[in-house]
Amino acid sequence: MFNPSREEVRRFFFEAWRKYRNQLPIEGLEQTAIEIMLLHPEYHPLLDQPEPYADRDFSPESGQLNPFLHMSLHLAVAEQVSIDQPRGIRALHQQLQSAQGAHDALHVLLECLGETVWQAQRTGMPPDEAAYLECIRRGLG
């Protein structure tokens, strides 16, 4: 299983954005990353200037949202839905989109994934797929 470092994740986003800005060929997962970055114009100034942000800490205590974590969660959700893993997430995503629209549906998945990852880190256990899917179901109302 690929487990990139913080530096590798940030380098991936910066490089994909650089390619996009310079109209260079974009490969594989970079295309999905570009689509995510285009959804977040508030991150464009950050992505245009890698140096000050490559090593910056974004601490929740200071009220800062980590843009790289947010975009990474987007990537994870896009991959999960595309391969229906955990099984059933694609159908739940479609139900959420029908009920709430694409943007709100995506936020339900992002919040549930973030909660699931946080719980796994807190307990030292693998992510609980059943709890993740149940969180998404609760988002259906």
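Side notes on the structure shown:
- Relative contact order (percent, whole number), region 14-131, Cα cutoff 8 Å, 6+ residue spacing: 16
- Working note: Karplus 6.51/-1.76/1.60 with θ = phi - 60° gives region 87-103 the couplings 4, x, 5, 4, 5, 4, 4, 5, 5, 4, 4, 5, 7, 10, x, 4, 5 Hz, where Gly and Pro are set to x.
- Between ALA120 and GLN64, the contour length at 0.36 nm per residue exceeds the alpha carbon distance by 18.0 nm.
- Sorting PHE58, PHE12, PHE68 on solvent-accessible area from highest to lowest, probe radius 1.4 Å, gives PHE12, PHE58, PHE68.
- All Cα-Cα separations within region 5-131 were binned at 10 Å from zero, giving a P(r) of 11, 38, 35, 15, 0, each value a whole percent of the pairs.
The values are calculated or read from the model by the stated rules, or taken from the named source; none is laboratory data. Predicted, not measured: the structure shown is a model, and the values here were computed from it. When the accessible area is computed, the model is the full protein with side chains, heavy atoms only, and any ligands, DNA or RNA have been set aside. Shrake-Rupley method; radii C 1.70, N 1.55, O 1.52, S 1.80 Å.
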